[in-house]
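Any read-out appearing in this document is the output of simple, stated calculations on the displayed coordinates, not a laboratory observation. None of these values were measured; they are calculated from a predicted model. With ideal geometry, Cβ positions are generated from the backbone for all residues, glycine too; neighbour counts draw on all protein chains shown.
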Amino acid sequence: MARMVQCVKLNKEAEGLEYLPYPGELGQKVYENVSKEGWQQWVTHQTMLLNEYRLSPIDPKARKFLEEEMDKFFFGEGSEIPKEFVDPDDK
């Protein structure tokens, strides 16, 4: 039977993640409060941030920025889309 969580992103009960998606306290908080579907939304958003801001995931400043954005995405006011971003689906 799948582990269920009350997903903070979807505002409903949904299937939880199978493992900690990120190390440390933030990873534990995400594991306990975010569903698989909610996590997938973050992965898509994170990819857009990496591409639009041309971030390198091995750069410590970029990792810190992404961690802060992840916290805002799930538990804060939300992570904003860069002003320059053009959704390819809107073309």
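Distant-in-sequence amide contacts of Cys7, defined by a placed amide H-H separation under 5 Å and a gap of 5 or more residues or a different chain, comprise Lys12, Glu13, Ala14. Exceeding 18 Å between C-alpha atoms, which entries from my cross-link table qualify? They are Lys9/Lys36; Lys29/Lys61; Lys36/Lys64; Lys29/Lys72. Where the Cα-Cα span goes over 18 Å, the pairs concerned are Lys29/Lys61; Lys36/Lys64. Potential lengthening of the chain between Lys36 and Arg63 amounts to 7.6 nm, from the contour at 0.36 nm per residue minus the alpha-carbon distance. Phi angles of segment 61-71 translate, via the Karplus equation with coefficients 6.51, -1.76, 1.60 and θ = phi - 60°, into HN-Hα couplings of 5, 5, 4, 5, 4, 5, 5, 5, 5, 4, 4 Hz per residue; Gly and Pro are given as x. A simple spin-label model places the labels of Glu13 and Tyr53 3.6 nm from each other, with each point 7 Å out along Cα-to-Cβ.
Here is the P(r) of segment 4-79: all C-alpha pair distances, binned every 10 Å from 0, give 20, 53, 24, 3 in whole percents.
If each residue of separation counts as 0.36 nm, what is the full-extension length gain between Ala2 and Val43 once their alpha-carbon separation is subtracted?
Numbers: separation 41, 0.36 × 41 = 14.76 nm, distance 2.10 nm.
12.7 nm is the gain from fully extending Ala2 to Val43.
In this label model, Glu25 and Glu80 are separated by 2.6 nm, measuring between points 7 Å along each Cα→Cβ vector.
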